[in-house]
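Q: Quick one: the structure is below, questions incoming.
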Amino acid sequence: MALIALAADKGSPGVTTAAVALAAVWPRRALLAEADPAGGDLVYRSSAAHGGPLNPNTGMLSIAATARRGLAPDQLWDHSQTLSGGLDVLVGLGSAEQAAGLVGQWPLLGRAFSALAESPHAPADVIADCGRISGETPAVELFSHASLLLLIARTEPESIARVRDRAIALSARLHGQNRGAAQLATPLIGVLLVAEPGDSAKVANQVNSMLIGAQAGARVLGTLAHDPAGAEQLAGRRRGRLDKSLLIRSARKISADLYQQYGAAWAAPVTGASR
């Protein structure tokens, strides 16, 4: 089906939390990739399916050691691990210094991530946590291979202004002369707002109108509940019914809406598929 890339402009709006939440409830099999060149968080905050810690050397780091010889989409599974909740992940780099091993390989990664959906053996959509993209982060090289780029933002005025300016810059870079055609250009650029549940619909409409007025080449595609307790549950630091949390309920609605609106366009015929 697709490569879905998540990123933020500045600060800590919750990109990793959003990526994990969406991947956990995605309508198809999903592979969560920690593609933040600054390093990943899952190895510190999540446990593996066997109950022990995740292996920091199996994931993006091991891909960096082998990708120069080529990377077929199905090879991604050789570098994946499974979280205690059953989600398949590519654990991120341990530090920004380790990103040197992936210099020049980001487009190759983007092609493999995008093509995994068409695998005849183990197809999956890749949800890539690309972290903060201020400056010339190499993760931007993934975006041209994505079906959807989701910019995560909180609802403070400065955050909204930054995501507008970042959307304009990315749309110009990725869409060129089609910058204003947000619904037609590829990748589709969307904004995912992290908002208080009671204000989410109103704020989303206001921000969407602002993006349209600015011809930002992006629009609001959903709101993720600002739910600190749910985020703690998702990270395994708090007990409770995670499926009943506002965070997961809002993530489920977002993923269902995205699949309903764009799933047919992203779908690729796959035969002999198995989970």
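Please treat every number below as a calculation from the coordinates, not as lab data. None of these values were measured; they are calculated from a predicted model. All Cβ positions, glycine included, derive from the backbone under ideal geometry; neighbour counts span all protein chains shown.
Q: What's the ranking of 236-246, 193-203 by average number of surrounding C-beta atoms within 10 Å, highest first?
A: Ranked by mean Cβ neighbours within 10 Å, highest first: 193-203, 236-246.
Q: When the dipole is taken about the Cα centre of the chain, and only Lys, Arg (+1) and Asp, Glu (-1) are charged at their Cβ, what size is it in debye, to the nearest 20?
A: 420 debye
Q: Assuming a ≥ b ≥ c are the square roots of the Cα gyration tensor eigenvalues, decide whether segment 1-118 counts as rounded (a/c under 1.5), prolate (otherwise, with a/b larger than b/c) or oblate.
A: Details: a/c = 1.21, a/b = 1.14, b/c = 1.06.
It comes out rounded by the Cα gyration axes.
Q: Once the other residues with Cβ under 10 Å from the Cβ of A214 are scored (Lys, Arg +1; Asp, Glu -1), what is the net sum?
A: Neighbourhood net charge equals 0.
Q: What is the order of V126, V91, V15, V103, fewest Cβ neighbours within 10 Å to most?
A: Arranged by neighbour count, lowest to highest, V126, V91, V15, V103 become V103, V15, V91, V126.
Q: Taking 7 Å along the Cα-to-C-beta vector as the label spot, tell me the N55-S95 distance in nanometres, rounded to one decimal.
A: Calculated label separation equals 2.2 nm.
Q: Of the residues P187, P228, P107, which exhibits the maximal mean-square fluctuation in a Gaussian network model of the chain defined by a 10 Å Cα contact cut-off?
A: Result: P228 has the largest fluctuation of those listed.
Q: Between S47 and residues 5 or more places away or on another chain, which pairs have amide H atoms under 5 Å apart, with H built 1.01 Å from N, and which residues are they?
A: S84
Q: Does segment 202-267 classify as rounded, prolate or oblate by the C-alpha gyration tensor (a ≥ b ≥ c root eigenvalues; a/c under 1.5 gives rounded; else a/b over b/c gives prolate, otherwise oblate)?
A: It is oblate, given that a/c is not under 1.5 and a/b is not larger than b/c.
Q: Test of understanding: what is the full-extension gain from Y44 to R239, defined as 0.36 nm times their sequence separation minus their Cα-Cα distance? Don't skip to the answer; put the middle values down first.
A: On the way: separation 195, 0.36 × 195 = 70.20 nm, distance 1.78 nm.
Length difference between fully extended and current span is 68.4 nm.
Q: What net charge is computed for the residues neighbouring L42, neighbours being all others with C-beta under 10 Å from the C-beta of L42, Lys and Arg scored +1, Asp and Glu -1?
A: Local net charge: -2.
Q: Can you tell me the relative contact order of the chain? Whole percent, Cα pairs under 8 Å, sequence separation 6 or more.
A: The value is 25 percent.
Q: Under 10 Å from the Cβ of G104, count the other residues' Cβ atoms, weight Lys and Arg +1, Asp and Glu -1, and hand me the total.
A: On the way: positive: R68; negative: E141.
Local charge sum for G104: 0.
Q: Among (1) -0.22, -0.92; (2) -0.16, -0.82; (3) -0.28, -1.04, which is the computed log10 I(q)/I(0) by the Debye sum over Cα atoms at q = 0.06, 0.13 Å⁻¹?
A: (2)
Q: Based on DSSP H runs of at least 4 residues, each adding -39500 (n - 2.57), what is the mean residue ellipticity at 222 nm of the chain after dividing by all its residues, to the nearest 500 deg cm²/dmol?
A: -10500 deg cm²/dmol
Q: Taking a spot 7 Å from the Cα of S134 along the direction of its beta carbon, which residues of segment 35-66 have an amide N less than 20 Å from it?
A: 35-41
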